[in-house]
Amino acid sequence: MKTKLIAGNWKMNGSLAANQALVRGVMDGLSGLQVRAAVCPPAVYLSQLQSLLQGQTALAWGAQDVSMHEQGAYTGEMSASMLREFGVRYVIVGHSERRQYHAEQDAQVAMKAQRALQAGITPIVCVGETLAERAAGRTEEVVKRQLAAVIQANGHCISEIVVAYEPVWAIGTGQTATPEQAQEVHAVLRKQLQAATTQADRVSIVYGGSMNAANAAALLQQPDIDGGLIGGAALKGSDFLAIMAAASQCAQAS
Ligand code: PGA
């Protein structure tokens, strides 16, 4: 089993003081854990994280969004090369909150992933169905459509992405997909990647949606769940560390 990736998505939370305390706590608890760890703060705090974390490799940092454009008259946007200057290793693209509140479409998400890859940043591409789509039996169709756009735009580089399966109905709701429900969708995504690249097994497919210290181990033990994208539980150091400890145990057991 490959080393799991556990990434915290802080969303629009944090402050200079709170970030420093959280990052220090996480760094203290990380030693000895076999896990790929990352935190994604609001972009204004990337330079703070760069100064707090540079020179070490245990905890990477990432952004929550990136522009699909390279530069120019796009007020409020940030390019992948700008993020790169702040040491960013990952960028979340196509999060359901961006799709929902900012009307991001599959094609834009695919472009964003491409910009990230061109700048040497790993895009964490989010896909996931709404409750209504699941109820209508459309889960597979929706996630495949979302991933297909990214595969089409990125060709042979597709093995460099991370995919996050985040059922919209599980995000921030406390309602987690069962390990079996999540595994079923992850297997569909893996198959789709296999059809696009011989390197599909290298791609980390992580789960997101109310993952926490109590349910992480069961999810992470599934064969196609390669890690987690953690919202609420990433804001508390002890919870985030407990998830990483569960991920580390999976890696050691294999
Ligand atoms: P949650 O968020 O863990 O709070 O459900 C996950 C996400 O939106 O990435």
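Amide H contacts of VAL91: ALA63, THR122, ILE124, each under 5 Å away and 5 or more positions distant or on a separate chain (H built 1.01 Å from N in the peptide plane; Pro and chain starts excluded).
Residues in segment 71-80 carry Karplus couplings, in order, of 5, x, 7, 9, 3, x, 8, 10, 8, 5 Hz; the curve used is 6.51 cos²θ - 1.76 cosθ + 1.60 with θ = phi - 60°, and Gly or Pro positions show x.
Select from the chain the helices, each a whole stretch of DSSP H, whose alpha-carbon atoms run 20 Å or more along the helix axis and whose Kyte-Doolittle mean is at least -1.0; answer none if there are none. Answer set is 16-30, 139-154, 179-196, 237-253. At an R0 of 22 angstrom, the distance between the Cβ atoms of ARG202 and GLU141 translates into a FRET efficiency of 0.30.
Return the ratio Rg/(2.2 N^0.38 Å) for segment 27-155, where Rg is computed over Cα atoms only. So segment 27-155 has a normalised radius of gyration of 1.15.
The alpha carbons of the chain give a radius of gyration and a Dmax of 16.8, 51 Å, in that order. Restriction of the trypsin sites (Lys or Arg not before Pro) in segment 62-165 to DSSP coil positions whose beta-carbon has at most 16 other beta-carbons within 10 angstrom yields ARG138.
Pairs from the table (LYS2/LYS191; LYS112/LYS236; LYS4/LYS191) lying more than 23 angstrom apart at Cα are LYS112/LYS236. Extension gain, LEU16 to GLU180, is 55.1 nm, computed as 0.36 nm per intervening residue step minus the present C-alpha separation. When each of LEU220, LEU193 is scored by the number of other beta-carbon atoms lying within 10 Å, the sequence from fewest to most is LEU193, LEU220.
For segment 95-105, backbone phi angles converted through the Karplus equation (6.51, -1.76, 1.60; θ = phi - 60°) give residue-by-residue couplings of 4, 4, 5, 6, 5, 6, 8, 10, 6, 6, 9 Hz, Gly and Pro being listed as x. Computed about the Cα centre, the dipole magnitude for the chain is approximately 280 debye when only Lys and Arg (+1) and Asp and Glu (-1) carry charge, each at its Cβ. Rounded to whole numbers, the Karplus 3J(HN,Hα) couplings from phi for segment 58-64 are 6, 10, 8, 10, x, 10, 9 Hz, using 6.51 cos²θ - 1.76 cosθ + 1.60 with θ = phi - 60°, and x at Gly and Pro. Relative contact order of the chain: 23 percent, from C-alpha pairs under 8 Å at least 6 residues apart in sequence. Exposure here means at most 15 other Cβ atoms within 10 Å; with GluC sites (Glu not before Pro) in a DSSP loop as sites, the longest stretch of the chain lacking them is 78-254.
Between LYS236 and ASP28, the simple spin-label model (points 7 angstrom out along Cα→Cβ) gives 1.7 nm.
Readers should treat all values here as calculations from the given coordinates under stated rules, not as data from a laboratory. Computed from a predicted structure; not experimentally measured. Neighbour counts run over all protein chains shown; Cβ positions are idealised from the backbone, glycine included.
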